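These notes are about the structure you will find just below.
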Amino acid sequence: MNHYETIFIVDPDTPETDQDSIFEKLKSMISVDGQLIMFDDWGSRKFAYEIQKKKQGRFVRLDYCGEGVLVDEIERTFRLDYRILKFMTVLLAKDVDPESLMPVVEDEPETAAEATETPKTTPEATETEATSSTEEASDEAVETETTETESETEESM
């Protein structure tokens, strides 16, 4: 399967129920022949220039995996539907495993007390931190000396 991204603009005068039916139709088309990774509704935005005598539209981004046949069918649907003002599909990657592209949901701490708990420090960790901060300070001093030398050279020219 290939990884695709399609961005399309829906006419803002289209009723909300019709927009939802367009979205559901696209989701079902993708689920039959591919796998939907992300449906990202960007909302209504103003255009830089008029498109079909409209000054704004509702932007939507689809991130999905499928074959070229699926992309052809989606774009055919867009061309036939007068409510879609513009669309663009981009091939992001070829021969991709859809499971590896699924968004990862991070596990949240069970309680707020666990999230605010401070880490315990050991003497070895404190010593390592002190050594690394000393090294950083010496690196900054070297950078400052170099900068001063460069500025002195520029002034003498």
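Summary table
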| read-out | value |
| --- | --- |
| Overall Cα dimensions of the stretch 1-69, principal axis frame, Å, largest first | 37, 25, 19 |
| Coil-residue chymotrypsin sites (Phe, Trp or Tyr not before Pro) of the stretch 1-106, DSSP, other Cβ within 10 Å capped at 13 | TYR82 |
| Relative exposure of GLU5, GLU24, judged by other C-beta atoms within 10 Å (fewest first) | GLU24, GLU5 |
| Loop-resident sites, the stretch 55-86, for GluC sites (Glu not before Pro), counting at most 13 other Cβ within 10 Å (DSSP) | GLU67 |
| Charge context of SER21, other residues only, Cβ under 12 angstrom, K/R +1, D/E -1 | -2 |
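Bear in mind that the values in this text are calculations on the coordinates, not laboratory data. Nothing here was measured: the structure is a model prediction, and the numbers come from that model. Cβ sites come from the backbone with ideal geometry, for glycine too, and all protein chains shown count toward neighbours.
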